[in-house]
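Worksheet: the structure to be examined is printed underneath.
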Amino acid sequence: MRPRPGEMLHFSEDPTITLFRPHIAATARHPDAVVWGVDAAQAPDYWFPRQCPRAMAWAVPGSTETDEERIIGPGGGRRVHAIEYGWMERFLGVELFAYRLPAESFRPIGDPVPHAHVSGQTVEPLGPAEPVGDLLRLHQDAGIQLRVLDNLWNFWDAVTSSTLGYGGIRLRNALPRPTRP
C-alpha cells in the first residue's frame, strides 16, 4: 500500500475519518498543529499497528558492506524492520486502513532526510479509507525482512551506531532495556 503520484497516505485503525484537521500530536516533536502524511518511501514505516514499537534499518549510499551484512544480513533485500514478540499477535490481526490525501498542501519535515510530510490545512481524503490488508504480505512483497525480537534495544543500538539509514517509531512502547549482568 503506497500512495499514487500526487498523493500522501495517512494510516489509521479508524476507518471513519472524513476530515483531517491540523492538531499537535501528543508525541510529536513538531510544535505546530498539522495533518501528517507519508510518501511512497515512508509508507512501509507505517505498515504496523499504530502503537507498535518498531526499529527499522536500510542501506543508504555510504552504508558499509560490513554493516549491511551485520545488521540486514543474508536474508535478502536492503531493508529490515524489527518488532517485539509481544506485538506479533496484534501485528497479524490488526485492521489497518490507509487514507489517500491530496499532496499539494503537504511539505516534507525532517533533517537531513524527511521522515514525514505535514500540512497546516484541513485535508479531505480523496475517498473512503482503504483496508491495507495483510501486513506480513506487504513486507514480503516489498522485499523487507521482518524480525521478531525479545527486545528491540540491542538491535536499535546496533542500527544507530552503524552506517545504515534507520528509523524508530513508538519506541516508548517497547519493553525496557535489558539490564546488563
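Miscellaneous remarks
- Boolean, Arg29 is under 17 Å from Leu171 (Cβ atoms) and either crowded, with 17+ Cβ neighbours inside 10 Å or among the acidic types (Asp, Glu) (or both): no
- Counting only residues that are under 28 Å from Glu89 (Cβ atoms) and not in a loop (DSSP other than H, G, I, E, B), the stretch 117-170 holds 26 of them.
- Check on Arg137, touching a residue at least 60 places away in the same chain (Cβ under 8 Å), of a type in the set (Lys, Arg), within 30 Å of Thr16 (Cα to Cα) and surrounded by fewer than 16 Cβ atoms within 10 Å (Cβ to Cβ): no
Here is a yes/no grid of residues against (1) in contact (Cβ under 8 Å) with a residue 60 or more places away in the chain; (2) acidic (Asp, Glu); (3) surrounded by 14 or more Cβ atoms within 10 Å (Cβ to Cβ):
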| residue | (1), (2), (3) |
| --- | --- |
| Thr18 | yes, no, no |
| Arg21 | yes, no, no |
| Asp39 | yes, yes, yes |
| Pro44 | yes, no, yes |
| Gln51 | yes, no, no |
| Trp58 | yes, no, yes |
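- Residue in the stretch 66-114 that is surrounded by the most Cβ atoms within 10 Å (Cβ to Cβ), counting only those that are modelled with pLDDT of 95 or more, closer than 15 Å to Trp47 by Cβ and among the small types (Gly, Ala, Ser): Ala98
The values are calculated or read from the model by the stated rules, or taken from the named source; none is laboratory data. Every value quoted in this text rests on a predicted model; they were computed, and no experiment measured them. For neighbour counting, all protein chains shown are included, and Cβ atoms are generated from backbone atoms with ideal geometry for every residue, glycine included.
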